[in-house]
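The values are calculated or read from the model by the stated rules, or taken from the named source; none is laboratory data. Remember, it's a predicted structure, so these values are computed and weren't measured experimentally. We place every Cβ from the backbone using ideal geometry, glycine too, and count neighbours over all the protein chains shown.
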Amino acid sequence: MTDLERGSGVLLHITSLPSPFGIGDLGPEAHAFVEFLAAAGQRYWQFLPLCPTSAGLDNSPYMGLSAFAGNHLLISPELLQEDGLASDELLSSGPEFSDYLVDFAPVRAFKEQVLAAAFKTFRQLPERGEFRRQLAEFKADQPWLADYALFICLHEDQQGRPWHDWPEPLARREPAALQEERRRLAARISYHEFVQFIFYRQWQRLRVRAAARGVRLVGDLPIYVAQDSAEVWAWPDCFLLDPETHQPTHVAGVPPDYFSATGQRWGNPLFRWHDGGPTVQKRLYQWWARRFAHQLEQADIVRIDHFRGFESFWQVPAEEPDAVRGEWVPGPGLEFFHKMGKKLGKLPIIAEDLGLITSEVEKLRDRLGFPGMKVLQFAFDSDETNTYLPHNYAQPNCVVYTGTHDNDTSLGWYLSNQVNPDAKERFLRYANGRDGNPVHWDFIRLALASVGKVVIVPLQDVLGFGSDCRMNVPGTAEGNWRWRVAGRFLTDEVAAQLRDETKFYNRLMQPEQKGEDNEQT
């Protein structure tokens, strides 16, 4: 059972925050956004996965290089400066960045320059100093770190080639080969361990600030990991891989649906839930327990992206160009979550249950007590029986969204030529709205007025932005994940309006002041 307080919140990924360095980060503007949420009476801040992303995969946070590591692009140069690890001169040496879009290539170059200088300064600190001691404790507490640091160093050393194309001794993780590489790359490994330490140090500071303001953090856990990731390299027996080529024999995806007539072929390797024997299953469950524990160290609640894959998943032969010719295969089901619960205790999970959902998926979700998702943009393309219409919500244990990171903005939806005019008419009638009214507030009010315990609204909808501010278009490989909000839009007036609507629908968070924050870790 997931305990949710009635309330509302905002969906905004960290990369979309304002900052002077071309990408949102964990620094002052993230802390300011917590204050914005508290002023607006919001209980929840939802964001996308925090993993390191790959330029070759369009920097998608759903195809990260690791399920455990943090994205070094989110590290704040300003907090490095507060810690004495960056100078004014260095912070002012970067190019002029856009306030509205992330240009990942120059951002990456600048952030890596800043982090390299910070590491050099860090290494000059006393060996027995407090900072060094904290790093040593971090390394000892993170069982994933050694594999990740070596993986990312080898990834660099191999000019970004995926691990299955590395020399066989490295691809197969032969102990002698790995020992030699750890020796040869020792300095660079130390650098990446330092980077992860800084990321989690800064993340903890943000988490402390959010807790002090009564804002609960909602993380995002994609069910699958990327083929070219530290975890698939380090735990290959847990995935459906060809033992000779190290490539997936079958890949993940979904059949044709709302977003695509040919389905979505995601390309992630599938878990070896059934045919690996008891030893593999034990290792796979151990890996998942570590993953859940890690996620719950970062966030108060975790949304599982593609929850239905635990009941059954769409298995596509790897040679297929799209997801049409797949088949449904049973997932690990209720037993899996019972084992996770015995090991970890209560799992505060939101189940992403969108798309083709069967009664079996609903039964699994409900037996576990996990809230599902209701997306209003899906509510108006059929008749009055549509399950996304608020009058059809059978229970309050759900999270209501105007849209998600995969949807157009609500204003963009209304103005789109791709949306059936009848759907727009149904929306206007349902919202008692009129053409020309602020569409985004009609959507927000419908969500807030619902029985759903929690309402999450993308910041683009709070601000009434159009399709040019969309975060992701499913099925497209380029041009996503770039949108940013300029700081001038996060005004006291916007916070006051959101607070007023939140109060009207009895979802207002009453902030609890807890004195001065101790944000140092």
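Some values worked out for this structure:
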| quantity | calculated |
| --- | --- |
| Pair list, Cβ under 9 Å, 6 or more apart: region 286-303 residue farther than 16 Å from Pro222 by Cβ, other residue modelled with pLDDT of 95 or more and assigned to a strand (DSSP E or B) | Asp300/Tyr44; Asp300/Arg216; Asp300/Leu217; Asp300/Val218; Asp300/Gly219 |
| Qualifying residue in region 480-491 (condition: in contact with a Ser or Thr (Cβ under 6 Å, 6 or more places away or on another chain), among the small types (Gly, Ala, Ser) and surrounded by 12 or more Cβ atoms within 10 Å (Cβ to Cβ)) | no |
| Options Trp328, Trp287: the member that is closer than 30 Å to Gln202 by Cα and aromatic (Phe, Trp, Tyr) | Trp287 |
| Criterion violated by Phe97 - all others in (1) outside any helix (DSSP H, G or I); (2) at pLDDT 95 or above; (3) surrounded by fewer than 16 Cβ atoms within 10 Å (Cβ to Cβ) satisfied | (3) |
| Index of the failed condition, Ala117 passing every other in (1) in contact (Cβ under 8 Å) with a residue 60 or more places away in the chain; (2) surrounded by 14 or more Cβ atoms within 10 Å (Cβ to Cβ); (3) within 21 Å of Phe21 (Cα to Cα); (4) not acidic (Asp, Glu) | (1) |
| Filter result (closer than 20 Å to Tyr505 by Cβ and in a loop (DSSP other than H, G, I, E, B)) within region 395-429 | Gln395, Pro396, Asn397, Thr402, Gly403 |
| Odd one out for Asp468, checked against (1) in contact with a helix residue (DSSP H, G or I) (Cβ under 7 Å, 6 or more places away or on another chain); (2) over 16 Å from Gly41 (Cα atoms); (3) not in a loop (DSSP other than H, G, I, E, B) | (1) |
| Any hit, region 377-391, residues being surrounded by 21 or more Cβ atoms within 10 Å (Cβ to Cβ), closer than 24 Å to Arg484 by Cα and among the hydrophobic types (A, V, I, L, M, F, W, C) | no |
| Criterion violated by Leu217 - all others in (1) at pLDDT 95 or above; (2) within 19 Å of the chain's Cα centre (by Cα); (3) surrounded by 22 or more Cβ atoms within 10 Å (Cβ to Cβ) satisfied | (3) |
| Test: Arg265 is at pLDDT 95 or above, of a type in the set (Lys, Arg) and in a strand (DSSP E or B) | no |
| Residues being within 22 Å of Gly219 (Cα to Cα) and either without any contact (Cβ under 8 Å) to a residue 40 or more places away in the chain or surrounded by 15 or more Cβ atoms within 10 Å (Cβ to Cβ) (or both) - total across region 345-360 | 10 |
| Criterion violated by Val419 - all others in (1) of a type in the set (Val, Ile, Thr); (2) within 30 Å of Gly341 (Cα to Cα); (3) free of Cβ contacts under 8 Å to residues at least 40 places away in the same chain; (4) out of contact with any Leu (no Cβ under 7 Å at 6 or more places or on another chain) satisfied | (2) |
| Subset of region 448-506 [modelled with pLDDT under 95 and in contact with a Phe, Trp or Tyr (Cβ under 8 Å, 6 or more places away or on another chain)] | Pro474, Gly475 |
| Among (1) under 18 Å from Ile223 (Cβ atoms); (2) in a strand (DSSP E or B); (3) touching a Ser or Thr at 6+ places or on another chain (Cβ under 7 Å) - the single one Ala323 does not satisfy | (2) |
| Search result, residues across region 151-181 that are of a type in the set (S, T, N, Q) and in a loop (DSSP other than H, G, I, E, B) | Gln158, Gln159 |
| Filter result for Ala212 (surrounded by 17 or more Cβ atoms within 10 Å (Cβ to Cβ) and more than 18 Å from Ala67 (Cβ to Cβ)) | yes |
| Candidate set from region 148-198 (those that are out of contact with any Pro (no Cβ under 9 Å at 6 or more places or on another chain) and on the phi > 0 side of the Ramachandran plot); member that is surrounded by the fewest Cβ atoms within 10 Å (Cβ to Cβ) | Gln159 |
| Some residue of region 48-58 being surrounded by fewer than 17 Cβ atoms within 10 Å (Cβ to Cβ) and among the acidic types (Asp, Glu) | no |
| Residue within region 455-463 that is farther than 30 Å from Ala394 by Cβ and in contact (Cβ under 8 Å) with a residue 12 or more places away in the chain present | yes |
| Glu335 vs. criteria surrounded by fewer than 16 Cβ atoms within 10 Å (Cβ to Cβ) and part of a loop (DSSP other than H, G, I, E, B) | no |
| Residues of region 434-465 classified as surrounded by fewer than 22 Cβ atoms within 10 Å (Cβ to Cβ) and in a loop (DSSP other than H, G, I, E, B), total | 11 |
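Residues checked against (1) over 23 Å from the mean Cα position of the chain (by Cα); (2) without any contact (Cβ under 8 Å) to a residue 60 or more places away in the chain; (3) closer than 28 Å to Asp442 by Cα:
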| position | (1), (2), (3) |
| --- | --- |
| Phe310 | no, no, no |
| Phe313 | no, no, no |
| Glu319 | yes, yes, no |
| Pro330 | yes, yes, no |
| Phe336 | no, yes, no |
| Gly341 | no, yes, no |
| Leu376 | no, no, yes |
| Glu384 | yes, yes, yes |
| Leu389 | yes, yes, yes |
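Okay, residues lined up against (1) in contact (Cβ under 8 Å) with a residue 60 or more places away in the chain; (2) crowded, with 17+ Cβ neighbours inside 10 Å:
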{"position": "Val399", "(1), (2)": "yes, yes"}
{"position": "Leu411", "(1), (2)": "no, yes"}
{"position": "Arg426", "(1), (2)": "no, yes"}
{"position": "Asn432", "(1), (2)": "no, no"}
